[in-house]
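Student: My questions will all concern the structure given below.
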Protein chains: 2
Amino acid sequence: MRFFEDMEVGQRREVGSFTFTAEAIKKFAAQFDPQRFHLDEEEGRKSPFGGLAASGWHVGSVCMKLLVADVQRQMREAAARGEKVAEWGPSPGFRELRWLKPVLAGDTVSFASEVVSKRTSESRPRWGVLKARQTGTNQRGELVYSMLATAFVPRRS
Amino acid sequence: MRFFEDMEVGQRREVGSFTFTAEAIKKFAAQFDPQRFHLDEEEGRKSPFGGLAASGWHVGSVCMKLLVADVQRQMREAAARGEKVAEWGPSPGFRELRWLKPVLAGDTVSFASEVVSKRTSESRPRWGVLKARQTGTNQRGELVYSMLATAFVPRRS
């Protein structure tokens, strides 16, 4: 896990991909977003989505899952190299979340994170504030998901 | 389900409440956000959250679940009264999502939705574009969650 000083604007990291099966789409929807176009293939086909579509919250939650897995992998690797590991602070939220295209059953979405800005925190001088754009791209190369996340990242000093 | 013409800026609707049990927090976290302060009471207490804390994506997904249930309830009631029911379009995304305070195990969060602006769509004249602020407030009256959602709402004409 990297410190504020290690991060550069423009840095991009692939965080992993996920195939949204009909089963996974329906399971999430039944728990958190039981609209009919998220629950039934035929209803999905008749909807503006044109097929059984994943809930936007499912897409965002899967992105979170992959980001966490990526961070945990980086921390294990850094610890294995005997490096000091930076523990990031909790996220205060995010901005400009966009579901740009439907994610339909069978689609595989690849997620990436790119640093768009960094600044030191005025109120907490031991921390930096990082903004990163997280994106999801489907198997046809179409951007389907984008959001701007804010993170608190510790400084080395 | 109401049409664009029925919605007024400032309208507020309580959409329901949810108690985040330790069990529900851990179950969501294991699936989508397996950070240790979302999975274990002791790790939560040692974290900046000060207790076992719900994933922000869990809070957002529960808000979605209650919004959908509220919409479905309104549609059933309108249909039972023999009224014409408006079918809202899919949401293109949202802005300014804020996790303002931790949601800890045992907290009950009440969600509400308030119309903040409305305009007709230039590209799709049969639709209006509504912005609504969705909020979550805990049992101590503290605002814990806020986001600005955009929805396409059909016009009567």
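Student: In segment A:81-88, is there at least one residue being at pLDDT below 95, at the interface with chain B (Cβ under 7 Å from one of its Cβ atoms) and touching a Pro at 6+ places or on another chain (Cβ under 7 Å)?
Tutor: First pass over segment A:81-88, keeping only residues at pLDDT below 95: A:81-88.
Okay, now just the ones that are also at the interface with chain B (Cβ under 7 Å from one of its Cβ atoms), so none.
Within segment A:81-88 (the criterion being at pLDDT below 95, at the interface with chain B (Cβ under 7 Å from one of its Cβ atoms) and touching a Pro at 6+ places or on another chain (Cβ under 7 Å)), the answer is no, since none of the residues qualifies.
Student: Right, something else. With touching a strand residue (DSSP E or B) at 6+ places or on another chain (Cβ under 6 Å) and outside any strand (DSSP E or B) as the only criterion, which of B:GLY50, B:GLY44 stands out?
Tutor: None of the others qualify; the one that does is B:GLY44.
Student: Could I ask something else about it? Output the residue which, of all residues in segment B:136-157 that are outside any strand (DSSP E or B) and open to solvent by 20 Å² or more (accessible area, probe 1.4 Å), is nearest to B:ASP107 (Cα to Cα). Let's see the steps before the verdict.
Tutor: Applying the first criterion (outside any strand (DSSP E or B)) to segment B:136-157 yields B:138-142, B:155-157.
Going one step further and asking which of them are open to solvent by 20 Å² or more (accessible area, probe 1.4 Å), we end up with B:139-142, B:155-157.
On the way: B:GLN139: 7, B:ARG140: 9, B:GLY141: 11, B:GLU142: 11, B:ARG155: 39, B:ARG156: 41, B:SER157: 44 Å.
Checking each candidate, the answer is B:GLN139.
Student: Check off (1) in a loop (DSSP other than H, G, I, E, B); (2) modelled with pLDDT of 90 or more for B:SER91 and give me the number that stays unchecked.
Tutor: B:SER91 satisfies all of (1) in a loop (DSSP other than H, G, I, E, B); (2) modelled with pLDDT of 90 or more except (2).
Student: Next question, about the same structure. Could you go through segment B:118-135 and let me know if any residue there is open to solvent by 60 Å² or more (accessible area, probe 1.4 Å), out of contact with any Leu (no Cβ under 8 Å at 6 or more places or on another chain) and part of a helix (DSSP H, G or I).
Tutor: Within segment B:118-135, none of the residues are open to solvent by 60 Å² or more (accessible area, probe 1.4 Å), out of contact with any Leu (no Cβ under 8 Å at 6 or more places or on another chain) and part of a helix (DSSP H, G or I).
Student: Using the structure shown, decide if A:ALA105 is free of Cβ contacts under 8 Å to residues at least 40 places away in the same chain, closer than 22 Å to A:HIS58 by Cβ, surrounded by 15 or more Cβ atoms within 10 Å (Cβ to Cβ) and in contact with a strand residue (DSSP E or B) (Cβ under 9 Å, 6 or more places away or on another chain).
Tutor: On the way: free of Cβ contacts under 8 Å to residues at least 40 places away in the same chain: no; closer than 22 Å to A:HIS58 by Cβ: yes; surrounded by 15 or more Cβ atoms within 10 Å (Cβ to Cβ): yes; in contact with a strand residue (DSSP E or B) (Cβ under 9 Å, 6 or more places away or on another chain): yes.
In short, no.
Student: Return the residues of segment B:1-26 that are part of a helix (DSSP H, G or I) and modelled with pLDDT of 95 or more; say none if nothing qualifies.
Tutor: The answer is B:ALA22, B:GLU23, B:ALA24, B:ILE25, B:LYS26.
Student: I've got another one for you. If you take the residues in segment A:44-78 that are without any contact (Cβ under 8 Å) to a residue 24 or more places away in the chain, under 27 Å from A:ARG126 (Cβ atoms) and open to solvent by 60 Å² or more (accessible area, probe 1.4 Å), which one is nearest to the other protein chains (Cβ to nearest Cβ)?
Tutor: A:GLN72
The values are calculated or read from the model by the stated rules, or taken from the named source; none is laboratory data. Worth saying up front: this structure is predicted, and the values here are computed from it rather than measured. When we count neighbours, we look across all protein chains shown, and the Cβ atoms used for this are built from the backbone with ideal geometry, even at glycine. In case anyone asks, the SASA skips ligands and DNA or RNA and just uses the protein heavy atoms, side chains included. Shrake-Rupley method; radii C 1.70, N 1.55, O 1.52, S 1.80 Å.
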